[in-house]
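**Student:** Would you mind keeping the following structure in view while I ask a few things?
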Amino acid sequence: MLEEPDLKEGQLAAHVQSAYNLHIVQVDFLALGADPDTAVYRAATGDGKPYFVKLRRGVFDEASVTLPRYLSDHGLEHIITP
């Protein structure tokens with residue numbers, strides 16, 4: 001998605017904090033990717049550690065998270081795990 005969704009950055013940070021216990025202090029929309037149903041963000045914690053946050057709308061295909069996890073667990077180092 002190349003256009004930022006109508007979502008308040010504070011809402012995204014609050015959800016990440018609730019779901020993953022990460023204190024997000026900065027959220028930046030990244031206008032990249034070819035999937036019109038996906039928005040990506042760079043989120044940073046108070047200590048500056050960056051995270052890649054991906055939002056998807058529509059039907060959720062569980063393989064989109066189980067396959068990367070499987071590949072990472074089996075030694076593929078360049079896979080971003082969910």
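**Student:** Given Pro50, Pro82, which one is under 15 Å from the mean Cα position of the chain (by Cα) and at pLDDT 90 or above? Spell out how you get there, then give the answer.
**Tutor:** Details: Pro82 fails: at pLDDT 90 or above.
Just a single option satisfies the conditions, and that option is Pro50.
**Student:** Does Thr45 count as modelled with pLDDT of 90 or more and hydroxyl-bearing (Ser, Thr, Tyr)? Talk me through it step by step, then tell me what you get.
**Tutor:** Numbers: modelled with pLDDT of 90 or more: yes; hydroxyl-bearing (Ser, Thr, Tyr): yes.
So Thr45 passes the test.
**Student:** Would you tally the residues in the range 1-57 being free of Cβ contacts under 8 Å to residues at least 12 places away in the same chain and at positive phi?
**Tutor:** Residues in the range 1-57 being free of Cβ contacts under 8 Å to residues at least 12 places away in the same chain and at positive phi: 2 in total.
The values are calculated or read from the model by the stated rules, or taken from the named source; none is laboratory data. Only a predicted model underlies this, so the values are computations on that prediction, with no experimental measurement involved. Please note: Cβ atoms are built from the backbone with ideal geometry, for glycine as well, and neighbour counts cover all protein chains shown.
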